[in-house]
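The values are calculated or read from the model by the stated rules, or taken from the named source; none is laboratory data. Keep in mind that this is a model prediction, so the values were computed, not measured. Cβ: placed from backbone, ideal geometry, glycine included. Neighbour counts: every protein chain shown.
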Amino acid sequence: MLSYDEADKLLKAHGQVHILNGFDRLTAEQQAGLLSQIGDLDFDVLAEAGRQGGVSHGLLSPMEAVDTGEIASRRGEFEAVGKKAIAEGKVAALLLAGGMGTRLGLDRPKGELNVGENRTLYLFECLVNNLKRVADSCGTVIPLYIMTSEKNDADTRAFFKEHLFFGYPEDRVHFFVQQMAAAVDYDGKLLLEGPGRLATSPNGNGGWFASLKKAGFLTEIHRSGIEWINIFAVDNPLQQICDPVFVGATILSGAESGSKVIRKNSPDEKLGVLCRDDGKPSIVEYYEMTPEMQTERTADGELAYAFGVILNYLFRVDALERIVDRKLPVHVVEKKIPYMDADGKLVQPEKENGYKFETLVVDMIRMMNDTLAFEVVREKEFAPIKNLHGRDSLDSSRELMKKNGFRL
Ligand code: UTP
């Protein structure tokens with residue numbers, strides 16, 4: 001751990017020494033905590049505060065997908081291969097649940113959201129039910145890894161325990177905590193969220209494999225023969241997890257990853273689109289697309305850049321291990337960051353007041369040699385809950401769930 005003098009020197013060199021104001025008034029434990037947080041800071045990342053834009057691209061070109069027509073005609077073949085791999089214990093599920101869900105405005109983990117109307121049906125419960133259905137159909141139990149963050153780990157574990165893991169075998173569910181990153185105000189200055197505690201937030205969903213490794217789970221993954229990991233978001237109750245057809249199609253394609261995609265419903269829909277970047281798989285965000293790219297059509301009149309990603313990916317474990325030590329690009333996101341003011345009072349800002357720094361799963365796809373784009377029907381598998389009302393909301397998700405036969 002850094003000494004006070006070392007921390008002082010380091011912070012002065014980076015214009016962040018205000019963080020040590022009042023250091024003398026902290027308890028010994030708080031002082032040690034702060035010095036340890038300072039030692040972990042990545043000043044290169046903090047220097048990115050205020051930077052606009054995404055990653056840089058090379059020559060972009062469209063990517064073909066295995067579309068719903070082809071999937072329908074080869075369903076049996078794909079499904080048999082996927083079910084066999086799952087039954088042999090080669091596939092694990094990994095839930096990304098470390099996000100803050102700030103747009104929903106909950107002070108609990110997002111998966112605790114009740115999507116029911118006349119009954120209680122939690123998001124976590126929907127996801128476990130979806131996984132259980134597949135596992136049962138393959139005559140096995142699929143290991144489930146759950147990534148939480150320091151902010152919601154205890155609550156998430158307690159919730160699963162209280163609800164008896166929604167009927168899933170507890171010994172096959174493994175929690176691990178993702179890393180945090182310091183947040184800064186609009187001037188790039190570090191903030192405190194409490195006495196001797198830097199304001200931090202989860203470091204994005206791109207760090208999931210590094211965090212899984214750090215938590216020591218790789219040995220167990222190798223020992224149990226897991227070759228594939230299907231990662232998925234916490235906020236889409238309709239998604240199919242470890243879908244045998246998707247798993248089988250990816251294995252048969254020979255690609256080291258697979259990405260579930262939906263067909264865009266309009267050229268300007270706000271979805272990250274799967275494409276090729278200098279021949280490698282890549283995702284171009286909607287705001288990075290030129291109007292020409294958005295509207296380009298194939299000879300059949302279809303959108304050339306037609307397939308948007310839905311945060312449901314399958315990765316081969318050996319490919320993940322190959323890239324785990326490579327640095328992912330850092331994305332700078334404006335956020336509401338609670339902080340302690342000069343009088344020591346905690347302020348909950350009503351609007352965005354600074355930046356947090358995240359790495360994203362989409363950038364892992366860019367590091368893969370290939371990915372199979374696998375088209376799913378939006379109305380059946382994509383009902384994300386980002387907001388309470390409006391687009392991608394609890395309201396729109398409930399509507400879709402009902403259309404899919406859910407009794408809410
Ligand atoms: P979102 O991009 O929707 O972020 O995450 P969020 O933090 O949940 O919500 P907002 O933006 O604050 O409203 C997509 C998925 O990635 C996970 C989320 O839990 C969700 O499943 N995620 C996100 C993490 O696991 N860790 C992170 O640091 C960020």
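The table below gives the values:
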{"item": "In the range 132-151, residue nearest to the ligand (Cβ to nearest atom) [restricted to those that are surrounded by 22 or more Cβ atoms within 10 Å (Cβ to Cβ) and without any contact (Cβ under 8 Å) to a residue 60 or more places away in the chain]", "result": "Thr148"}
{"item": "Top-ranked residue of the range 370-406 - restricted to ones that are in a loop (DSSP other than H, G, I, E, B) and among the basic types (Lys, Arg), ranked as nearest to Cys242 (Cα to Cα)", "result": "Lys386"}
{"item": "Subset of the range 93-114 (residues that are part of a loop (DSSP other than H, G, I, E, B), more than 10 Å from the ligand (Cβ to nearest atom) and at pLDDT 95 or above)", "result": "Leu113"}
{"item": "Lone unmet requirement of (1) outside any strand (DSSP E or B); (2) surrounded by 13 or more Cβ atoms within 10 Å (Cβ to Cβ); (3) out of contact with any Pro (no Cβ under 9 Å at 6 or more places or on another chain); (4) modelled with pLDDT under 95 for Leu360", "result": "(3)"}
{"item": "Hey, Ala255 surrounded by 22 or more Cβ atoms within 10 Å (Cβ to Cβ), farther than 30 Å from Tyr122 by Cβ, in contact with a Leu (Cβ under 8 Å, 6 or more places away or on another chain) and modelled with pLDDT of 95 or more or not", "result": "no"}
{"item": "The range 239-269, subset of a type in the set (A, V, I, L, M) and in a strand (DSSP E or B), residue nearest to Tyr313 (Cα to Cα)", "result": "Val261"}
{"item": "Selection from the range 157-205 of residues that are among the basic types (Lys, Arg), assigned to a helix (DSSP H, G or I) and under 30 Å from Thr27 (Cβ atoms)", "result": "Arg157"}
{"item": "Single residue of the range 115-131 satisfying the filter (assigned to a helix (DSSP H, G or I) and in contact with a helix residue (DSSP H, G or I) (Cβ under 9 Å, 6 or more places away or on another chain)) that is surrounded by the most Cβ atoms within 10 Å (Cβ to Cβ)", "result": "Leu127"}
{"item": "Residue list for the range 246-262, restricted to those being more than 21 Å from Asp363 (Cβ to Cβ) and over 21 Å from the mean Cα position of the chain (by Cα)", "result": "Gly248, Ala249, Ile251, Leu252, Ser253, Gly254"}
